[in-house]
1. Quick check on region 104-160: what are the equivalent-ellipsoid semi-axes from the Cα gyration tensor, as sqrt(5λ), descending, whole Å?
2. FRET efficiency for E228 and V116, Cβ-Cβ distance as r, R0 = 45 Å, nearest 0.05?
3. If you stretched the chain out fully between I147 and R60, how much longer would it get, using 0.36 nm times the residue separation minus the C-alpha to C-alpha distance?
4. Residue-wise, which Karplus ³J(HN,Hα) couplings in Hz belong to region 113-122, taking 6.51 cos²θ - 1.76 cosθ + 1.60, θ = phi - 60°, and x for glycine or proline?
5. What spacing in nm lies between the two simple spin-label points modelled at R285 and L69, each 7 Å away from Cα in the Cβ direction?
6. With each pseudo-label sitting 7 Å past Cα toward Cβ, what's the A80-V51 distance in nm, one decimal?
7. Suppose the chain between E87 and H127 were pulled fully straight at 0.36 nm per residue; how much longer would it get relative to their current alpha carbon spacing?
8. So how do 236-246, 92-102 stack up, highest first, on mean other-Cβ count within 10 Å?
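What follows draws every value from the coordinates through simple rules; no lab data is involved. None of these values were measured; they are calculated from a predicted model. Please note: Cβ atoms are built from the backbone with ideal geometry, for glycine as well, and neighbour counts cover all protein chains shown.
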Amino acid sequence: MGLVIMDEMEDKTSVLSDESDVEVDLRRSSKIQPENRRTFRWRNGQAVLAVPTSSMLSPRFDLSLCRALLERDGFQIPVADFETPLEIALDVPSVRRYLFFNSSLFHFIMAPILYVVIWCAVFSTLHLYLSVTDYWVLCLSVSLVSIFLTTAIIVILHYSNKEINMNIDVRLIQVNERLSRHKLLVGVADWVQNCTGSLQLFIVYWDTAHCLRALTETLEEMRFVRDEAQAKALQLLLTYGAVYVKLLVSERLPNSTHRPLRSRRNHCTTASLCLCQYIKTKVLRL
């Protein structure tokens, strides 16, 4: 009788231990699953993170803070894939100087100074070679010419920022090569708002698998071999990834003239063009 009671007690304790193990496993899985599910809520083109510079005069981004914020959102990225390549690409004195002198804030400050310089140069030149009795006519003409030249220079600088930048976008190719494995793309964008410059490092969620497949098919139609087409497609996606992110977050992407916004071929529902469509339009001229 005592042996039966002991056997029953051992069975109960074994059952209780099994149930407690299951509860522990369930608790662990309940903690892990939300973190894994975090990356599934993102859609192509959504900005995961936007970090401003600590100073406009010497632009520098807090990369350790960026990686910590990405980990909070469920993106586990090692230092070798994030901080190290970004420091090589952007944390260089010559690059920081270029970021400032090529920023929208600097162009905003430069516009009135440029106007005054052009006005003085044109006025002194015309006054030296032309004898005008009515100075108001001369001043009006000089003002109109100065406004035209200043506007032309600012417009040229503005539209040059819509193209690929050899000093910034090209330096981010290796960064995007590593981040694309984590379904992320990075780019640098800036604009002036309320007379204040805003230079930011943008990290956008982007799964390149669909764009890679579509662009490979397009290159195959252009008589590229399968393996060569896929390698070329991947190279184009990484090369123009940074400039695409810059145009996407600043809402300066060209409008799609071939397909509607929510076309089956558009792999980004938040923009007029997805990455592969942008490459087909601007690079391949299709």
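1. Three semi-axes, in Å: 26, 10, 9.
2. The formula returns an efficiency of 0.25 here.
3. Contour length minus the Cα-Cα distance gives 27.9 nm.
4. 5, 4, 4, 5, 5, 5, 4, 5, 5, 5
5. So the two model labels end up 4.0 nm from each other.
6. Going from the A80 label point to the V51 one covers 2.0 nm.
7. On the way: separation 40, 0.36 × 40 = 14.40 nm, distance 5.25 nm.
Length difference between fully extended and current span is 9.1 nm.
8. Numbers: 236-246: 23.8, 92-102: 14.1.
Per-residue Cβ counts within 10 Å, averaged per peptide and sorted highest first, yield 236-246, 92-102.
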